[in-house]
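Okay, structure first, notes after.
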Amino acid sequence: MSNQGKKTKTLSRRSFIKTGVAVTGGLMLGNQLGIGPVHWSARAQDYPALGNFPVGDKVVFGFNVPQTGAYSDEGADELRAYELAVEHLNNGGGMLATLMPSSLTGAGILGKEVTFVTGDTQTNPDAARDSARRMIERDGVIMFSGGSSSATAVAQQYLAQEAKVIFMDCLTHSNDTTGKDRQRYGFRHFFNAYMSGQALGPILAERYGTDRRAFHLTADYTWGHTQYESMKQFTEAQGWATEDNIMTPLTTTDFSQYLTPVLNSDADVLVLNHYGGNMINSLTQAVQFGMREREVNGKTMEVVVPLYSRLMAQGAGDNIEGILGTSNWDYKLSDEGSQAFVTSFEAKYGFPPSQAGHTAYVQTLLYADAVERAGTFYPPEVIRALEDYTVSGVGPGAVEYRGCDHQAFHDILVVEGKAPSARDSEYDLLETVKQVPRAEIGYECDFFPGELGPYGDES
Amino acid sequence: MKKQSLFARDSIYMLIAAIVIFSLRWTLPLLGGYSELATRMLIFSILVLGFDILVGLTGYLSFGHAAFWGIGAYICGYILLHFTQNILVAMILGVLIVSIIAFLLGIITLRRHGIYFAILTLAFAEMFYYLALAPLQKWTGGDNGLTGIKTPQLFGLELSGLAMYIFVGIWTLIALYTARRIKNSPYGLMLRAIKSNEERLTFTGINVFRYKVMAFLISGIFAGLAGTLFAAYETYVPTESLHWTLSGEIVIMSVIGGFGTLIGPMMGAAIVLYLENVLSAITDQWNLILGVIFMSFVIFLPGGVMSLSKQLRRLFSRDQVPANRTESQGGD
Amino acid sequence: MALLEVKGLSKSFGGLMAVNNAGLTVEEGRPHSIIGPNGAGKSTFLNMIIGRLKPDKGSVLFSGQSLIGLQPQQINQRGVVRVFQSPAIYPEMTVLENVTVSTLAKRDGTFKFNFLERPLKRKDAVTAAEEALTEVDLIGQQHEEAKNLSYGNKRRLELAMCLAQKPRLLLLDEPTAGMSQSDTIATINLLQKLGKNGEFTKVIIEHDMHVVFTLAEHITVLHQGTVIADGSPDEIKNSEIVQEAYLGGMEE
Amino acid sequence: MSFSQFALQLLTGLQIGAIYVLVALGLTLIFGTLGVANFAHGALYMIGAYFGLVVSSQLGWGWAALLVPLGLFGVGILFDRGLLQFFYKRPVTDQILVTFGLAIIIQELARTIFGGTTKPFPAPQWARIPVDIGFGYYPPWRLVIIAVTIIVVILLFILLRYTKFGLMVRAGMRDPEMVRYLGIDATRLFTIVVGLGAMFAGVAGIMGGPAYSIEPGSGMAMLVPSFLVVVIGGMGSLVGAVIAGLLMGLAVSFSVIFVPAVSQVIIYLVAVIVLIVRPRGLFGVEGIG
Amino acid sequence: MSQPYFKCSDMHAYYGESYILRGVGFKLEQNELLALLGRNGAGKTTTLRSIARAQHPNLRQGEVWLNGEAIHKLPAHKAAQRGISLVPEERKIIPGLTVEENLILAQIAPPRGWPIDRIYELFPRLQERKHQIGTTLSGGEQQMLAVARALARDVALLLLDEPYEGLAPLIVKDIERVLITLKEEGMTIVLVEQNAIGALKIADRCVILEMGEVVFDGDPKDVLDSEELRREYLAL
């Protein structure tokens, strides 16, 4: 934003206004006249002014999750995890004990108490940006996070870059988020469609053999396309053939007209590149159409769902039994970090968290840790602290936040839907088939084109 | 003398409007909003202003105004993204294309009345939505929307924040002035006559259809203008811009403000955006509350906020309604 | 040349022949009347002339030019103006605005995009409207909403709206229906006065014979959709066919 | 295209159309009798689906089949007495607005009660295993949908054509005032009609729920296409609703084979074309709309 | 003191804000045929509609009594169930229904009147066309159907609004004959008619309205004989 030198001591008019808003609207005029209080970290005057900075002894996070619309339950779980994270940051507990290495003290961040504001994305990119803007401008958030669709995540990343406020993407699985739409001010902890394909391909071959013909139904939007591409690539790498693919409009609720062509094909595997309501409906209806019992070329037909979430598994009910897919995390994981989180989450809410909750929680902590390590809230410094940083204790194995595209790399899970009889609770829906190590999934930085953009403090 | 007073009244009206429009950025934070919300409110107020010219004056309820807004936004966004950062070029082209589409749609849809008209406009808008979502996603970005639009420029000046606000404010003022001129012109009189008694107007030697098409076109141009500003302000275009829920939201704004009053729907837009934005930070039931407010307006205050004072006055002086002077009457 | 020449006009609805081969000739400046009992097809006949209904067959010539196939607004613009029976006004608009619509239609034609015109600049239109209101004696109420007028005044307003268009042929549909004796007399006087200098020609549709006899110089009698008599008031008065058809069973 | 592919796609089209028909029947019935454009009809569908889910999981499908239609009939009565009756004579715009507002409120209430997530709604056990229908396997539940729709349409036809109640409704649709002069309580008649309309929406809900699963937005998602169906068929025309519903279903189903990308656009395209060519819809009555 | 069979008194009715009836009232004995006359717009139809308790106009003041029962507080369908039967101006044959269905419809609500077979005896033409859609009948047949429909109910008071309108003289004679038959059957009738002379010929009594008020109530002969009355109030 500002091209002033590193040693500049004057604040831009814009920062002044932001400060004013952060303090209280009423003091704003005073601020513009230069009489309002400006709290700034010790080294603050050394940086060009950009983004927000904490005022007083509190620091504000913004949690922007879907509270209305189809993903509101997922949003609610994210919000629970965020609240828990804030509680732990201020008072200790949870993963603070397992994070390695850790700079977190359990007494806030850089001595400031963490508070938060919430917003409703409505799973609508426009509403999400609107809500995020309010957080940035009115509430002066230092970081915001949340979401459950790639469209809202991407939309918010652009806003983050523009406003120079860090955005921790939560649930977004599209390659674009850290591919073509990657932004310097956005970080993603969640895995992506490409990694799902990488992880799932070998397991599918192992289970169903290498001589298979797959029919894809693909949600007709970016995530669907990338998911289809990667599934095609990695199943064909195992020797499978791709029979056909039908792009299904995003708003479809009745997939029967897409399923009947499958019945008339030679395909013996049905891959549903669908998410959320799309997946619930397509899977349920695929089962209704007898895809699970179908015999083709002497083989039993199989259904695959590349991306699983608890929300979807619950929605699809008993139909998920024996269906393979991938997941970012599961509450049954036995590593220390996961268990620390699950235990405290269950203690507070009475039931286990979802993978969305886990992502939300970890990202909040890792942001806080980066601030502590950087010793400042100044966003470019925090970004640099996060980039190419590896940490463990937040889930199985180590997590690396890659600097070149801001994608996190960690072990992911290939999971299978449990039979109703094998479940021990209504949350126990997925069985981990394989924990795919970080080393087996990954790609080069320039595999997807994209530019992160500036830190904003370059001179 | 009459000329003078009318001119003075006009000037005072516009002056007050200008003060409100250009102070919103600073007054809004005092009410719990944030400054950029002011820009958003102004953009939406242009949209509902156009909507009011059609619905408020002629009485044709369109459920498809999202189409004009969305197409304006996409065209403007696409030009800013790929061709030039010059906002005026993007806006002119956006509005031009929207007006062509509005003209064609008007010719087709305006042959129908009431519910048929509403459904027909809705169907067209939904067609554009689904086209943008899948078949045209190569250009529209599909579900992700049009991302990565560069900050637009006006003769070298980067339009964002305060500069964008002022730019939008000027357009709002122009739009309001134009809408007022239209409403108070002979042309506006004809539009109101259409709402009041369309058939009679035909037998007064008026080509009603042309007036309707023109109203539809103007309405579309306003919506398209607002759409282009929206794309420029957001530097992003979501597919939701074309969805019928946006058309529904426009209707809600207009009802809360009061159809046909111009300034009312603008207030309605501000009220709805304020509630949506500020209330949603407080409770996740904000949608329910908005629904209840909307329904209360339809049932108890059909004239919207603008009729509030009139309604109150009537409530307190019920017995002062002048007795009906009837000289002669017809019974059969 | 006759001002209006209608020949062989027919219209049927379903199986019902509402108007059957009816015709008449209106001479310029000569008040004409069409009479007939309720349901005789008067309104249908009228609606075909002004373009509201499409005749099955027949011709309508106005000043020698055919009106068949023209849009209602085009017919209106040529100077054929109808005063409706149940007052067709713009209820939500003021009295003056109601009439101004007409004067603007006269001035601007079927369509003109002139939104930039200032309200005060349409002084010509307003003045003309006020003149028309003065003629029907409504000038004191020009700022009232039309829906608040009494029935009689609504009908007067309707008349003013039509006069404001400076018609060449004014078709009046039962101008005294629903009026008391005194109102009827007042209306008759008003109608007698209007168009006296030959600005326009009146065609009055009535079922009330007395109104007709004082106003019209030529009468066409319609019954069961056909013209059963045509002539001067005296001829009609003394026509036995008319007596029988129109007055039902006058003969005991 | 092979025969079996054609036949399956045809069947699918009929089934999609069947749900449209069920929703549209109530919609057109209410419009035909009361002249009310009910934008809350999708909400009634959603209430039916959620109600069906609760009853079928708690008491079983037998009870659901009984209670849902009855319950929705009651909801319809309440809807009419509590709200609609005050809007019979208001302009169509006001009716659209007030029912639209109600739909928003019901949707939000459903979200509060049931959550925003899509709920699984299992079909009865016997209807889960696909059956061989000669040219392929097909989900029995979807065959049930078609069957129920046929039965409902026939029953409604008999009710309207051959019963005194039907005579009253048909008369009331065309001339409510005269019906009153004949000693018939048209107001109560209309209330019952709204109840029936709601009942059909409820039946559609309990049929569509297991096929498509349910979420609070299901109602709004159903509203727009069914309104198109009613408009294409001609507002107030029952025959029109049936024909147009099936036409829509087939259009959607077959567009998938030829141009999948336009399968969502197609219903709007059909609507636009029909309304341009036949402005009153296929079976529209002169004078309405 | 014995109550008259039918009585309406001091009726004040409005259409919206238009004040139409200004205190109309008259009485009827059983088996009487009353001709209710007046110019266009005098309030004749409004009077009938007020008695039949139509939703419009709004009867703000006034009473209607039939057989000692108060009608003026009842809704239209209840009034109809008490025996008030209105045959409106445009006859209002219900579109889409056959002749027979129109008659069956009339018998659904109590009180049931003549059996349909008996009605067919009186109107053989209707029997011939019983499966035809009612609105496709000729004007005269439709008028007969309208009267027949009233007969299908046990009518205590028949209100006829311009039954001769638009009909050929020959058919008018038919209808007249039917009305006379009805009267002989003991029916009480209020007849509103433009064709004043025709109505007066068969009426027992005559009421003339002017500007929503009763200006004459008496013997039809007086009207037929008085040129002045006819000229002033009936425009004849």
Reachable aspartates and glutamates from E:Lys173, criterion Cα separation under 16 angstrom, eight or more residues apart if same chain: C:Glu244, C:Glu251, C:Glu252, E:Glu141, E:Glu162, E:Glu165, E:Glu193
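If neighbour count is taken as other Cβ atoms inside 10 Å, put C:Cys162, A:Cys170 in order from fewest to most.
Ascending Cβ contact count within 10 Å gives the list C:Cys162, A:Cys170.
Return the calculated 222 nm mean residue ellipticity for the protein assembly as shown, to the nearest 500 deg cm²/dmol, obtained by summing -39500 (n - 2.57) across DSSP H runs with n ≥ 4 and dividing by the residue count. It would help to have the intermediate numbers written out before the result.
Values: 56 runs with 770 residues, N = 1568.
Using -39500 (n - 2.57) per qualifying helix, the result is -16000 deg cm²/dmol.
Rounded to two decimals, what ratio of Rg to Rh does chain C give with C-alpha atoms and a Kirkwood Rh?
Details: Rg = 18.6 Å, Rh = 18.9 Å.
Expressed as Rg/Rh, it is 0.98.
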Positive dipole terminus of segment B:35-320, leading residue within B:Phe300, B:Ile79, B:Leu133 (C-beta point charges): B:Phe300
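Computed FRET efficiency, Cβ-Cβ of C:Glu131 and C:Gln65, R0 41 Å: what is it to the nearest 0.05?
On the way: r = 29 Å, r/R0 = 0.70.
Using R0 = 41 Å, I get an efficiency of 0.90.
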Global form of segment A:194-327, assessed from the alpha-carbon gyration tensor, a/c cut-off 1.5: rounded
Longest to shortest principal axis, alpha-carbon extents of chain E, angstrom: 46, 38, 38
Residues in segment B:235-278 reached by a label modelled at B:His82 [backbone nitrogen below 20 Å; 7 Å Cα→Cβ]: B:235-242
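Given an 8 Å cut-off on Cα distances and at least 6 residues of separation, report the relative contact order of segment B:1-132 as a percent.
Numbers: 83 pairs, mean separation 30.0, N = 132.
Once divided by the residue count of segment B:1-132, the mean separation gives 23 percent.
Taking the DSSP beta bridges in chain A as the whole, what percent of them are antiparallel, to the nearest 5? Present the calculation step by step, with values, prior to reporting the outcome.
On the way: 20 of 57 bridges.
Beta bridges within chain A, antiparallel portion: roughly 35 percent.
When every alpha-carbon pair in the protein assembly as shown is counted, what percent end up more than 65 Å apart? Write down the numbers at each step before the final one.
Values: 291376 of 1228528 pairs.
Tail of the P(r) past 65 Å holds 24 percent of the pairs.
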Separation of alpha-carbon centers, segment A:318-383 and segment B:282-317, rounded to whole Å: 44
Rounded to the nearest 20 debye, dipole of segment C:68-181 from Cβ charges on Lys, Arg, Asp, Glu: 440
Chain C - share of DSSP beta bridges that are antiparallel (%, nearest 5): 55
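Return a whole-number percent for the relative contact order of segment B:35-320, with Cα pairs under 8 Å and 6 or more residues apart as the contact set. Let's see the in-between values first.
Values: 469 pairs, mean separation 97.9, N = 286.
With pairs under 8 Å counted, the relative contact order is 34 percent.
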Separation of the E:Ser9 and A:Glu113 label points, Cα + 7 Å toward Cβ, nm: 8.2
Choice from D:Ile154, D:Ile206, D:Ile214 with maximal GNM fluctuation in chain D (Cα, 10 Å cutoff): D:Ile154
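In the protein assembly as shown, what percentage of the DSSP-assigned beta bridges are antiparallel, given to the nearest 5?
Values: 70 of 142 bridges.
Of all bridge pairs located within the protein assembly as shown, approximately 50 percent are antiparallel.
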Helix axis angle, D:218-233 relative to chain D longest principal axis, alpha carbon, degrees: 70
Cross-link pairs beyond the 23 Å C-alpha cut-off, checked among C:Lys147/C:Lys193; B:Lys183/D:Lys89; E:Lys27/E:Lys73; C:Lys57/E:Lys92; B:Lys183/B:Lys310; C:Lys57/E:Lys130: C:Lys147/C:Lys193; B:Lys183/D:Lys89; C:Lys57/E:Lys92; C:Lys57/E:Lys130
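How high is the FRET efficiency from A:Lys332 to D:Ile133, r the C-beta distance, R0 45 Å, rounded to 0.05? The partial results should precede the final answer.
Working: r = 42 Å, r/R0 = 0.94.
E(calc), rounded to 0.05, equals 0.60.
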Calculated FRET value between A:Cys404 and B:Leu31, using beta carbons and R₀ = 56 Å, to 0.05: 0.80
Dimensions (Å) - chain A, Cα atoms, principal axes, largest first: 80, 40, 37
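Can you give the net charge of the other residues whose Cβ lies under 13 Å from the Cβ of D:Val272, counting K and R as +1 and D and E as -1? All intermediate terms of the calculation are to be shown ahead of the outcome.
On the way: positive: B:Arg111, B:Arg112, D:Arg278; negative: B:Glu126.
Residues close to D:Val272 contribute a combined charge of +2.
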Projected label distance in nm at C:Lys123 and D:Leu83, using a 7 Å step from Cα toward the beta-carbon: 5.4
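Rank the residues A:Ser174, E:Ser226 as a footprinting-exposure proxy: fewest other Cβ atoms within 10 Å of their Cβ go first. Don't skip to the answer; put the middle values down first.
Details: A:Ser174 30, E:Ser226 13.
Ranking A:Ser174, E:Ser226 by Cβ neighbours within 10 Å, fewest first, gives E:Ser226, A:Ser174.
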Estimated distance in nm for a label pair at B:Glu158 and A:Glu236, the labels positioned 7 Å out from Cα along Cα-to-Cβ: 4.3
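Relative contact order of segment C:126-240, please, whole-number percent, based on alpha carbon pairs below 8 angstrom and at least 6 residues apart. Walk me through the intermediate numbers first.
Numbers: 104 pairs, mean separation 21.4, N = 115.
Relative CO of segment C:126-240 lands at 19 percent.
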Amide proton proximity set for C:Arg82, modelled H, under 5 Å, gap of 5+: C:Leu171
Residues A:Trp223, D:Trp126, E:Trp114, B:Trp26 arranged by fewest to most Cβ contacts within 10 Å: D:Trp126, B:Trp26, E:Trp114, A:Trp223
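Coordinate-derived values only; no laboratory data. Keep in mind the model is a prediction, meaning the values are calculated, not measured. All Cβ positions, even for glycine, are placed from backbone atoms using ideal geometry, and neighbour counts span all protein chains on display.
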